[in-house]
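Remarks on the structure that follows.
The values are calculated or read from the model by the stated rules, or taken from the named source; none is laboratory data. All values derive from a computational prediction rather than experimental measurement. Note that we place each Cβ from the backbone using ideal geometry, even for glycine, and neighbour counts take in every protein chain shown. These accessible areas exclude ligands, DNA and RNA; they are computed on the full protein's heavy atoms, side chains included. Shrake-Rupley method; radii C 1.70, N 1.55, O 1.52, S 1.80 Å.
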Amino acid sequence: MIVASLLLSAVWAENNYPTLNDRYSPKQIDSLIKVFEAKKDKKGLAITHELKGIFFQNIYFYSSVTFTNFFISSQYYLELNDKEGAFRVKKRIADLYSVDDVMYKIAVGYYQEALKYFEKKGDEAKIAAYNLDLLNIAINKDSFERTEKRVDSLEQKLQTTIKLCKKLKDQRYLTYAYNLYGSFLLQVNRLELAERYIDLSLQRSEPKTQLELLNLYHKGQIKKRKNDIPEAIELLRRSELIAEIRNNKYLMQRICQALAECYTALNNFPKATEYWQKTYLSINRYYNSGETQLARTEVVNSDLRFANMQQALIEQKNQTSEMWNYVLILALVLLFVSAISIRNVMKANMQRRDLANQRKITTLELKSMKSLIDGQEKERNRVAKDLHDGLGAHLSSIKLFIENQKDKSDPAIQQQLLEPLAKSIDEACLETRNISHDLRPFSLKYGFNTALGDLVKKVQNALPGVELIFASYGEEPVIREEVALMVYRVVQELLNNAAKYAKAKQITVQIFYETQQISVHVEDDGQGFDLNGVKEGNGLGNIRSRIDYLGGQVIWQAAPDQGTAVIISVPLQNGVKT
């Protein structure tokens with residue numbers, strides 16, 4: 001408290017507000033927030049929440065607490081009509097989303113909105129910054145859309161942006177631009193020129209920064225393609241250390257995959273296996289962690305909060321307008337009839353605006369939910385393919401190598417080393433296959449019944465002490481792929497919950513194909529829970545939002561020591577191909 005008090009005294013003595021270059025602990029920032037809340041000082045709250053977001057970004061990189069503080073800060077800047085402050089904070093959010101394969105298109109929208117604003121103002125420094133951010137996404141995220149014409153256009157934009165950075169004499173932007181150009185040249189396999197620009201960027205990079213991390217990683221990839229494997233390993237190991245320091249889980253999985261490929265090329269299979277395991281761990285920590293899912297969900301919630309905030313501001317203005325209408329009515333009795341008419345017209349306009357805003361919010365919610373779900377499934381498919389084609393293929397190669405060595409090896413070595421190693425590789429192959437199938441349920445192409453039956457069998461194999469029953473009633477229609485996949489994911493989540501928490505002896509999954517709807521019932525005889533005492537967290541929220549999106553319903557029936565039953569129903573016209 002003494003430190004916080006001294007800090008507050010220093011802030012008040014100087015200019016009443018902290019600066020973004022200052023460094024505070026969370027306790028100090030919370031003390032400042034309480035002071036500004038007591039004073040209802042929106043500018044102070046905007047700055048302090050931005051500082052808090054920066055602090056957690058430096059510690060955790062990609063987390064819901066980071067996004068929450070940035071969104072609160074941007075809302076205060078918007079209420080103050082400080083567009084540059086709002087764009088600055090939204091850029092921080094976009095910079096984080098730009099590395100996420102699911103959310104990067106939202107980052108594009110933020111960057112483009114800001115770029116239009118600063119182009120109108122003629123701010124060349126900001127124009128250069130946002131062009132670099134958009135080029136980063138075009139190079140590193142949209143490579144699958146690349147054509148020869150698009151490649152030439154990208155290179156021209158990069159060269160134009162480098163010229164602008166040189167004109168501005170801003171070393172930060174120029175360092176970033178050289179890195180992007182090097183990354184682009186690496187992707188089009190112009191390795192000599194790529195190495196030259198990466199070296200230019202590396203020479204200007206501050207130690208242990210994101211740019212140094214990227215430059216070391218890209219240079220390691222260049223050396224790997226040139227077949228200079230020892231040099232590639234040294235560079236990639238250096239980038240691995242920085243990624244660990246910066247807690248950059250996204251880049252860590254790519255670095256580990258590159259190192260695994262390098263060690264495989266050297267026939268160093270123990271190190272290759274170690275780094276394939278690290279690759280899988282990094283993928284799991286990033287894509288499947290609850291924190292990442294919360295962070296991704298935060299953008300949907302924030303967009304809705306922005307829309308609600310704008311509606312609230314309109315309603316506030318409408319209330320003020322209505323108050324002045326009453327004053328006019330009281331003051332101008334002779335114009336009573338005309339005043340009533342004006343009031344009715346304004347009220348009708350207000351209702352129309354409220355209805356339009358509500359429709360915008362609903363449309364935004366549906367679009368955001370569809371974008372989030374589509375992005376998650378797209379990423380699941382990509383990771384499943386990488387595991388099957390990349391990790392699976394390499395594990396098979398290692399297994400083949402071990403089998404070939406058995407006949408050539410001493411029996412003692414064979415028994416003590418090769419046989420246990422072969423067994424571990426078999427287990428890793430099986431685990432990789434299971435993870436790949438969980439991420440991308442291939443059985444859906446054989447029908448919804450078949451897919452759910454296959455899912456129940458997998459859970460049964462994982463839970464030998466629990467009886468699983470599967471049954472379907474009625475004739476199965478041809479269900480749309482999107483609907484089948486969403487309901488499959490919901491049932492998968494319910495079975496996982498039952499397996500983890502219910503302590504059940506029997507789990508039943510039933511499908512009913514009725515005249516007007518498709519229903520799925522999932523029941524267990526486990527320990528149950530109190531519905532009134534449970535908050536709808538990330539898991540329950542995901543289930544409800546997916547079914548709501550399909551226009552369906554979810555009914556929960558549960559009580560302590562009486563098991564749990566979940567009934568999912570989807571309207572027939574939403575779920576069946578016509």
Give all pairs with beta carbons closer than 8 Å in which a residue from segment 479-504 that is in contact (Cβ under 8 Å) with a residue 40 or more places away in the chain meets a residue that is buried (at least 17 other Cβ atoms within 10 Å of the Cβ) and hydroxyl-bearing (Ser, Thr, Tyr); count only pairs at least 6 apart in sequence or on separate chains. Met486/Tyr549; Ala498/Thr564; Ala502/Thr564
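Looking for whichever is open to solvent by 20 Å² or more (accessible area, probe 1.4 Å) and among the hydrophobic types (A, V, I, L, M, F, W, C) here; the options are Ile479, Ile507. Which one fits?
Matching residue, one of Ile479, Ile507: Ile479.
Condition first: under 31 Å from the mean Cα position of the chain (by Cα), at pLDDT below 90 and among the polar types (S, T, N, Q). Can you find one or more residues in segment 496-504 that meet it?
Scanning segment 496-504 turns up at least one residue that is under 31 Å from the mean Cα position of the chain (by Cα), at pLDDT below 90 and among the polar types (S, T, N, Q).
Would it be correct to say that Tyr275 is free of Cβ contacts under 8 Å to residues at least 60 places away in the same chain and among the hydroxyl-bearing types (Ser, Thr, Tyr)?
Details: free of Cβ contacts under 8 Å to residues at least 60 places away in the same chain: yes; among the hydroxyl-bearing types (Ser, Thr, Tyr): yes.
Taking the combined requirement at face value, the residue satisfies it.
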What residue, among those in segment 180-195 that are open to solvent by 40 Å² or more (accessible area, probe 1.4 Å) and touching a residue at least 12 places away in the same chain (Cβ under 8 Å), is nearest to the chain's Cα centre (by Cα)? Gln187
Would you say Arg246 is of a type in the set (D, E, K, R) and touching a residue at least 24 places away in the same chain (Cβ under 8 Å)? yes
Quick check: is even one residue across segment 186-196 assigned to a helix (DSSP H, G or I) and in contact with an Asp or Glu (Cβ under 9 Å, 6 or more places away or on another chain)? yes
Just to be sure I understand, how many residues within segment 197-214 are assigned to a loop (DSSP other than H, G, I, E, B) and loosely packed, with under 15 Cβ neighbours inside 10 Å? 4
